[in-house]
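See structure below.
The values are calculated or read from the model by the stated rules, or taken from the named source; none is laboratory data. No experiment lies behind these values; they were computed from the predicted model shown. Every residue, glycine among them, receives a Cβ derived from its backbone with ideal geometry; neighbour counts consider all protein chains shown. Each accessible area value is taken on the protein alone, full model and side chains, heavy atoms only, with ligands, DNA and RNA left out. Shrake-Rupley method; radii C 1.70, N 1.55, O 1.52, S 1.80 Å.
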Amino acid sequence: MPLHTQIKDGIKEAMKAHDQARLEAFRSVLTACTNELVAKGRQPNEELSDDDVLTVIRRLVKQRKDSIAQFDAAGRADLSSIEREQLSHLEGFLPALLSEDAVREVVLMVKEKLGVTDKQKAGQLVGAVMKELAGKADGGVVKKIVEESFT
């Protein structure tokens, strides 16, 4: 079953279960998918591919993490807990991320392939590794491992 359809079904299930956090999380995904369709010049009632839906969900996960950090910094634990709950529902759709060891192997392979020896080209290396991994690793982890590879 396509991911877009799973989200629509998830909304129905959340409504029946009276699970407000899950309902809000799924509705935000559906809204973001509709916005993505419109941005691509397609009809809002069409469905996105699973890869496009995963891209949208990754964007929403990043937004939730940023919101959590800001709410925690402002001392708003009440709002932070809501975001954390929604984040957990969104992360359920994402595939498992690679371990740091697996990412380290890819970083070393790409570094050798590109012949990067200068720390000034670390940004290019991070970009190349992220392209190689295609969403299978967290950007922060990749950046940390790339920086470690120059020491």
Handout entry: Near-label residues of region 1-22 by backbone N, under 15 Å of a point 7 Å along Cα→Cβ of S88
Key = 19-22
Problem - 1.4 Å probe accessible area per residue over the chain, in Å² - result: 61
Problem - Of the GluC sites (Glu not before Pro) in region 42-151, those whose Cβ has at most 13 other Cβ within 10 Å and which sit in DSSP loop - result: E46
Problem - Too-long pairs where the Cα-Cα distance tops 28 Å, listed order kept, from K113/K136; K8/K62; K12/K65; K40/K119; K40/K65 - result: K40/K119
Handout entry: Portion, in percent, of the accessible area of the chain that falls on carbon or sulfur, probe 1.4 Å
Key = 52
Handout entry: Rounded FRET efficiency, nearest 0.05, which uses the C-beta distance separating L114 from K143 and R0 of 22 Å
Key = 0.85
Exercise for the section: Quick one: order I11, I82 from most to least accessible surface, probe 1.4 Å. Expected result: I82, I11
Exercise for the section: Relative to the compact-globule scaling 2.2 N^0.38 Å, provide the ratio for the alpha-carbon radius of gyration of the chain. Expected result: 1.24
